[in-house]
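Colleague: There's a structure below that I have some questions on.
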Amino acid sequence: MASRANKMRPIRRPIMNREASEFEPCWILLRDALTDIHTKNAGRLSFEQLYRASYKIVLRKKGELLYDKVRTFEEEWFRDHIMPPISELITNTLVSVALFHPPASSMHERRQMSEKFLRGIRDSWEEHNMSMNMIADILMYLDRAYTAESKKPSIFATTIGLFRDHILRNSLGAVAQDFDQPYIVFDLLTAVTLDLINMERDGDIIDRSLLLKITSMLEDLYETDEEIDNQKLYTTIFEPKYIDNSRVFYRMECERLLRESNASTWLRHAQRRLNEEQDRCDTTLSISTADKIAKVVETELVSAKLDEFLALDGTGLKSMIDNDRIDDLTILYSLISRVDKTKHVLKNTLQTRVMELGLEIEQALKRTDFSAPVTVAGAADGDEAMEGGDKSKVQTLSAAAQQTAAAIKWVDDVLQLKDKFDTLWSTCFNQDLVLQSAVTKSFSEFINMFARSSEYVSLFIDDNLKRGIKGKTEDEVDIVLDKAIVLLRYLTDRDMFERYYQKHLARRLLHGKSEIHIEKEMVYRMKSEMGNHFTIKFEGMFKDMELSRDLTDNYRDHIRNLGDTDTRKVDLNINVLTTNNWPPEVMGRGSSQEEGAKMECIYPSAIKRLQESFFKYYLKDRSGRVLTWVSSAGTADIKCVFPKIPGKETGPLSKERRYELNVSTYGMIVLMLFNDLPVGESLGFEELQAKTNIPAPDLIRTLASLSVAPKARVLLKDPLTKNVKTTDKFSYNAQFVSKAIKIKAPTISNLSKVEGDDERKETEKKNDQTRAHVVDAAIVRIMKQRKQLTHTQLITEVITQLANRFKPEIPLIKKRIEDLLGREYLERVEGEASSYRYLA
């Protein structure tokens, strides 16, 4: 049997010895390279050779050993080469100045020492950071193969963190022995940085780029080598201290400003500080700090003493508004918008100031003397005193004209105040809707607190449409109309305005005092704002005037075709008015005419024949209609002949004089009585009233216009006083002379004047009666639709429905509900005393 011979094999060297023999040369090569990198001699190094060396070590499973040796090498390098220069920069003086701010230290001294220290830190950091980046590149395979598998921090994180652990967290050394607390270098670094920032805030110039390097370093360093995102040293240590330091700084600054400065200075200073902090975060610190430091400035410099600054005498918010300090208010709005999204303080102050200024307008109105002599043309329309008066002369306004002037002034002042706050709103407050709503509410409140606001607004529109539109461009007319609508929008008692506007519009239309297309545009805008129900009567008035023009033309054609010479002597212009569309004062149903409301005026025979002719023509195609001649609303043009005065050889009285006199219908009736009166005789007031049947108040005004006003004094009054009394006598003024051929007798009327107390009470009484009917209609309309409602629900719905016309008072609604219950429009629900049911 054959067998294989045994052979002796040589003993192999242990693998561990071979790996150890390979590690040492590689480590020596790497250690020398690390030294060259730190000493800035890396130019002669071969990256490939060094990478292969680290690769071999890791491949031989010596990654952990290499990791530890690199860390140990860097720690020794820090101890021997980096920490000594840093320690030399930390002096007792620096620590004392930076941490305790002794009073004797100057800003220049502090800045120099601080910047020298920070430059040392910066230089050390930049050298270390650059070295660690190069070392990380050499040991790239160590990170890839060892640290990733062992879940240790990368070699870069470990070595870069040495700066944190051996520099920033190092004690102050021998210097720290002089202080009670165990301060570290990081404390000194933070204190120095904050001190430099405060110096810059105080106006000194610092090295911003140096601070940027320091804060960038803190953003690159983490609390641990794991480098968790939210644990950067900048975020965890420096930023909180920076915020706290800034809070103290701005709190003290705000208190100083309140003691030494005014509101305007404070506003600009706060705005500048916000801009500075934003710029500091953009260029020196971290952009992540911007919102936090802005919050500190807003809290300590704006919010903390906001009320005190706004209340300062002479410079506070009240003064800013009154003096139109546009820049101050713009900055204020910007600051308040940052600290209070509701703008509560600004909103309340604006509301209060609007109310105060609005009430001041009313008080100023009471103090204003409107009785001072003025030029009639510059004061009011002729209607307000005596229409047709000599407008070139300086006259004293009558009591009624003074009241009208006061009304126009009140509205003008309110509009000026509105323009003022509109300008502030658009220019300073960025058209803020919250502030607009607040100001609008205050305007509405003070306007409606004034009892005559509805009447005054209507008079303002009346004044502008009568004499203010002439000569204005289309844009200027739009501005006037817009202002009128703005005022109307504020009124709550719009039904009162509607009553006054109807009266004033009637006078303008009947006397041709305005342009019809402007009137229609005004009503169209009211319709768009208030709805159809508000303008239905106004539109009816326009329709009546248009139909009347056509009717007049047709009637004139009819007369010409008849060939009636008598009727052709009088040229008739007819306005047929629908009773429901026109105000009672125009239709002869006003309180001032109640005395003669059922008495028909006695017309001259020529006028009676003309009336009969027109009635016959009108009723030919309109059977069933009833026409009533409203003599109080018309006018007449009378051709007058004044004969030569015997014994007068020169001057106007030496020849016959012919004039065309425009008078009211009542004036025409009165004048025609003097045609048959013998020369030298007169007619008494009572005799004139008996012959004409004109109500006494109207007759007084008519006689005053014909015998008192110098321009149209075609009658002589005995005695010659300014007021007409029932005992006066009147005669034909044969010596009447005028430079004008066409003369307009003044119309002394109260239709476009401010009502007296008694008249206003009467108007309010009529309006209350109308409101009762409107509330009744609203209740019935609501209940018819809803069938059954509780008392509270019904009252709420009535108020909501009528809010666009007026604000009904709850007692009035309750009273109307009781009335409708009694009239069996409603009934109480059995078992539910507070509920109502509609009865069909």
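The values are calculated or read from the model by the stated rules, or taken from the named source; none is laboratory data. Since we're looking at a predicted model, the values are computed, not measured. Please note: Cβ atoms are built from the backbone with ideal geometry, for glycine as well, and neighbour counts cover all protein chains shown.
Colleague: Need the failing condition index for Ile11 against (1) modelled with pLDDT under 90; (2) in a helix (DSSP H, G or I); (3) of a type outside the set (S, T, N, Q), just the number.
Modeller: (2)
Colleague: Another question, then. Condition first: buried (at least 17 other Cβ atoms within 10 Å of the Cβ) and of a type in the set (Lys, Arg). Now tell me which residues in the range 76-113 satisfy that.
Modeller: Hits for the range 76-113 are Arg110, Arg111.
Colleague: Which condition from (1) within 30 Å of Lys483 (Cβ to Cβ); (2) at pLDDT below 85; (3) more than 41 Å from the chain's Cα centre (by Cα); (4) charged (D, E, K, R) is the one that Arg589 breaks?
Modeller: Status for Arg589: all satisfied but (1).
Colleague: Pairs only if they're at least six apart or on different chains, beta carbon under 7 angstrom, first in the range 235-256 and without any contact (Cβ under 8 Å) to a residue 12 or more places away in the chain, second surrounded by fewer than 18 Cβ atoms within 10 Å (Cβ to Cβ) and not polar (S, T, N, Q); list them, first residue then second.
Modeller: none
Colleague: Additional query: Do you know which of the residues in the range 323-333 that are touching a residue at least 12 places away in the same chain (Cβ under 8 Å) and part of a helix (DSSP H, G or I) is surrounded by the fewest Cβ atoms within 10 Å (Cβ to Cβ)? Working first, answer last.
Modeller: Just the residues of the range 323-333 that are touching a residue at least 12 places away in the same chain (Cβ under 8 Å), to begin with: 324-326, 328-333.
Okay, now just the ones that are also part of a helix (DSSP H, G or I), so 326, 328-333.
Working: Ile326: 13, Asp328: 24, Leu329: 20, Thr330: 17, Ile331: 20, Leu332: 27, Tyr333: 20.
Filtering first and then ranking leaves Ile326.
Colleague: Looking at (1) touching a residue at least 24 places away in the same chain (Cβ under 8 Å); (2) assigned by TED's automatic domain parsing to the domain that holds Val439, can you tell me which one Leu577 breaks?
Modeller: Of the numbered conditions (1) touching a residue at least 24 places away in the same chain (Cβ under 8 Å); (2) assigned by TED's automatic domain parsing to the domain that holds Val439, the odd one out for Leu577 is (2).
Colleague: I want to confirm something. Restricting to the range 194-252 and keeping residues that are aromatic (Phe, Trp, Tyr) and buried (at least 21 other Cβ atoms within 10 Å of the Cβ), which single residue is farthest from Leu301 (Cα to Cα)? Please lay out each step first, then the result.
Modeller: Looking only at the range 194-252, we keep the residues that are aromatic (Phe, Trp, Tyr), and these are 222, 234, 238, 242, 249-250.
Narrowing the set further to residues that are buried (at least 21 other Cβ atoms within 10 Å of the Cβ) leaves 222, 234, 238, 242, 250.
Working: Tyr222: 33, Tyr234: 25, Phe238: 22, Tyr242: 16, Tyr250: 6 Å.
For the range 194-252, the residue satisfying everything is Tyr222.
Colleague: (1) without any contact (Cβ under 8 Å) to a residue 60 or more places away in the chain; (2) in contact with a helix residue (DSSP H, G or I) (Cβ under 8 Å, 6 or more places away or on another chain); (3) within 29 Å of Tyr555 (Cα to Cα): which one isn't true of Tyr617, the others all being true?
Modeller: (1)
Colleague: Restricting attention to the range 303-316, does a residue exist that is in contact with a Lys or Arg (Cβ under 7 Å, 6 or more places away or on another chain) and either part of a helix (DSSP H, G or I) or buried (at least 21 other Cβ atoms within 10 Å of the Cβ) (or both)?
Modeller: no
Listed here are the residues, each with its yes/no results for (1) under 30 Å from Asn170 (Cα atoms); (2) in contact with a strand residue (DSSP E or B) (Cβ under 9 Å, 6 or more places away or on another chain); (3) outside any helix (DSSP H, G or I); (4) at pLDDT 90 or above.
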{"site": "Arg4", "(1), (2), (3), (4)": "no, no, yes, no"}
{"site": "Trp27", "(1), (2), (3), (4)": "yes, no, no, yes"}
{"site": "Arg31", "(1), (2), (3), (4)": "yes, no, no, yes"}
{"site": "Arg52", "(1), (2), (3), (4)": "no, no, no, yes"}
{"site": "Leu94", "(1), (2), (3), (4)": "yes, no, no, no"}
{"site": "Leu99", "(1), (2), (3), (4)": "yes, no, no, no"}
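Colleague: Quick check on the range 458-493: of everything there that is of a type in the set (D, E, K, R), part of a helix (DSSP H, G or I) and surrounded by 18 or more Cβ atoms within 10 Å (Cβ to Cβ), which residue is modelled with the lowest pLDDT? Before you say what the answer is, go through the steps one by one.
Modeller: Filtering the range 458-493 down to residues of a type in the set (D, E, K, R) leaves 462-463, 466-467, 470, 472, 474-476, 478, 482-483, 489, 493.
Checking the rest, the ones that are also part of a helix (DSSP H, G or I) come to 462-463, 466-467, 474-476, 478, 482-483, 489.
Next cut, surrounded by 18 or more Cβ atoms within 10 Å (Cβ to Cβ) only: 462-463, 466, 483.
On the way: Asp462: 86, Asp463: 83, Lys466: 79, Lys483: 86.
Per the criteria, the residue is Lys466.
Colleague: Within the range 114-161, how many residues turn out to be in contact (Cβ under 8 Å) with a residue 40 or more places away in the chain, over 27 Å from Lys40 (Cβ atoms) and surrounded by fewer than 18 Cβ atoms within 10 Å (Cβ to Cβ)?
Modeller: 3
Colleague: May I pose another question? Just name the residue that is modelled with the highest pLDDT out of those in the range 389-422 that are surrounded by fewer than 20 Cβ atoms within 10 Å (Cβ to Cβ) and part of a loop (DSSP other than H, G, I, E, B).
Modeller: Ser398
Colleague: Tell me, which strands (runs of 3 or more DSSP E) wholly within the range 757-840 include 1 or more residues that are without any contact (Cβ under 8 Å) to a residue 12 or more places away in the chain?
Modeller: Values: elements: 788-790, 826-829, 832-838.
Counting at least 1 such residues, we get 826-829, 832-838.
Colleague: Something else now. For Leu194, indicate whether it is at pLDDT 90 or above and either in contact with a Leu (Cβ under 9 Å, 6 or more places away or on another chain) or not assigned by TED's automatic domain parsing to the domain that holds Pro102 (or both).
Modeller: Numbers: at pLDDT 90 or above: yes; either in contact with a Leu (Cβ under 9 Å, 6 or more places away or on another chain) or not assigned by TED's automatic domain parsing to the domain that holds Pro102 (or both): no.
So Leu194 fails the test.
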